[in-house]
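Heads up: the structure comes next, in structure tokens.
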Amino acid sequence: MKAWRFYAFNDLRLDDVPVPTCLAGHVVVEPLVVQPSVTEAQLACGIPTLAYDRIKRRLETEAPLQLFGHEFCARIVETGSGVNRFRVGDRVAARAKLPCQHCALCESGRSALCRRGPVIGFDLPGCFSELALLPEIALVKVDDSISDSEAACLQSLSDSVAAVETADIQIGDTVAIFGQGSMGLECLQIARVSGAGRVITVDVRDEACAMSKQLGADHALNANTCDAVATIRDLTEDIGADVVFECAGGSVKQGLAGSRTLTQAIDAVRSGGKVIGVSWFGGPLEVHIDTLRERSLRYLFPDISTPQHLEHTVRLVASGRVSLAPTITHVLPGIESVPKAFEITANKGRYQAINPAQVKMRG
Ligand SMILES: [Zn+2]
């Protein structure tokens with residue numbers, strides 16, 4: 001079968017590789033729609049972000065290597081022994097970070113806290129191939145009312161559901177969100193259906209602000225044309241927002257905000273409020289920690305998504321409470337388009353993309 005393999009950073013080739021053999025507790029799937037995550041698209045170019053050292057080491061010692069491809073919709077073509085939740089023909093999506101199933105946390109029913117298990121696309125091959133072998137515990141069945149393209153966004157959406165759950169929004173809370181890329185837009189929509197009274201979003205791209213307004217932001221601020229922190233404080237009688245999601249930080253070269261939006265998030269949240277750190281920064285940061293201490297701020301990081309989060313995403317999309325289709329701006333035909341999808345996703349601003357670029361694997 002054909003599969004994309006990395007030989008090094010920036011060196012991706014479409015190779016012939018053996019068809020995967022189905023294992024117990026696993027399924028073999030035919031990927032239908034796959035998108036690189038923003039993290040994967042940056043790692044593919046060798047830009048430091050989440051898991052950079054791990055991927056670099058694997059490339060140096062194991063290349064050529066099937067990497068990435070955890071955001072997908074796929075159809076099951078074979079089920080291994082012991083698989084009872086799925087049948088051949090089912091469409092599935094996945095969560096990426098899996099529990100090891102052996103450690104003391106996993107064995108005491110706290111597998112969501114386990115960090116020893118594999119990550120699809122990082123430790124296990126993902127779906128940039130004609131067929132892929134996946135563990136049953138990663139998967140959720142996709143409702144018939146959800147398109148293949150929408151289903152490819154469910155992994156990211158389940159991480160956003162976990163982030164909003166971590167925020168523990170109280171009914172009527174004012175929520176601010178820095179960054180209106182795919183996860184920022186997801187947090188916006190999930191916050192709205194999770195009790196937020198008012199949602200104020202911030203981005204620097206006109207197309208992202210327009211999308212944010214369309215998907216329900218009460219105020220969509222363009223930080224290039226206004227002082228976002230001052231505006232949020234004005235809108236909250238100079239108190240600040242109860243909860244702030246920081247979804248814009250990261251590599252400036254790729255159009256992300258560096259650490260500037262983290263500082264802004266801290267300035268825009270009320271005393272005793274919560275900043276939810278969704279971004280990855282790729283290295284150490286300077287933060288004025290005494291400000292957090294003085295104002296009793298909570299800087300929280302999202303839990304990893306569980307099967308319950310993933311199942312909730314299916315309900316959110318199937319019921320129309322979360323809308324993904326308008327954010328899908330680029331869909332490319334055929335497995336040969338995968339490198340182009342990485343290029344667009346790593347440089348979304350330049351291509352006016354909102355969601356990562358998707359690939360319809362069969363054209
Ligand atoms: Zn474990």
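Each reported figure results from applying straightforward, stated rules to the coordinates on display, with no laboratory input. Quick caveat: nothing in here was measured; it's all calculated off a predicted structure. Note: ideal-geometry Cβ built from the backbone for every residue, glycine included; neighbour counts use all protein chains shown.
What to note about this one:
- Amide H contacts of residue 241 (H built 1.01 Å from N, under 5 Å, at least 5 apart or other chain): 269, 270
- Relative contact order computed over the stretch 159-300 (Cα-Cα under 8 Å; 6+ residues apart), in percent: 22 percent
- By the rule of a C-alpha distance below 19 Å, with chain neighbours fewer than 8 residues away ignored, the aspartates and glutamates paired with residue 340 are 11, 15, 40, 71, 130.
- Volume per residue of the convex hull around the Cα atoms, evaluated for the stretch 15-56, comes out as 143 Å³.
- Overall, the chain carries a charge dipole of about 360 debye about its Cα centre when +1 sits on the Cβ of Lys and Arg and -1 on the Cβ of Asp and Glu, all other atoms neutral.
- Considering all C-alpha pairs of the stretch 1-86, those separated by over 15 Å amount to 65%.
- Protection proxy ranking of 252-258, 240-246, 82-88, by the mean of other Cβ atoms within 10 Å over each peptide's residues and highest first, is 240-246, 252-258, 82-88.
- Across the stretch 86-198, the convex hull enclosing all Cα atoms gives 147 Å³ per residue.
- Shape of the stretch 306-353, Cα gyration tensor, a/c cut at 1.5: prolate
- Computed from the alpha carbon atoms alone, the convex hull of the stretch 159-300 holds 97 Å³ per residue.
- Rounded, prolate or oblate (a/c below 1.5 giving rounded, otherwise prolate when a/b exceeds b/c) for the stretch 122-178 by Cα gyration tensor: prolate
- Overall Cα dimensions of the chain, principal axis frame, Å, largest first: 62, 41, 38
- Taking the chain as a Gaussian network of alpha-carbon nodes connected by springs under 10 Å, the highest mean-square fluctuation of the residues 64, 284, 326 belongs to 284.
- With a cut-off of 11 Å between beta carbons, the residues surrounding residue 278 carry a summed charge of -3, where Lys and Arg count +1 and Asp and Glu -1.
- Once the Cα-Cα distance is subtracted from the 0.36 nm per residue extended length, the residue 289 to residue 350 segment shows a gain of 18.5 nm.
- Summing Lys and Arg as +1 and Asp and Glu as -1 over all other residues whose Cβ lies under 10 Å from the Cβ of residue 201 gives a net charge of -1.
- Just so you know, the Rg over Rh for the stretch 1-151 is 0.97, from Cα atoms, with Rh as the Kirkwood radius.
- Mean residue ellipticity (222 nm) of the chain, computed from DSSP H runs ≥ 4 via -39,500 (n - 2.57), nearest 500: -8000 deg cm²/dmol
- Rg and Dmax of the stretch 218-363, both derived from C-alpha coordinates alone, stand at 18.2, 56 Å.
- Over all other residues within a Cβ to Cβ distance under 9 Å of residue 5, the charged ones net out to 0, with Lys and Arg as +1 and Asp and Glu as -1.
- By the count of other C-beta atoms within 10 Å, a proxy for reagent exposure, 178, 342 are ordered fewest to most as 342, 178.
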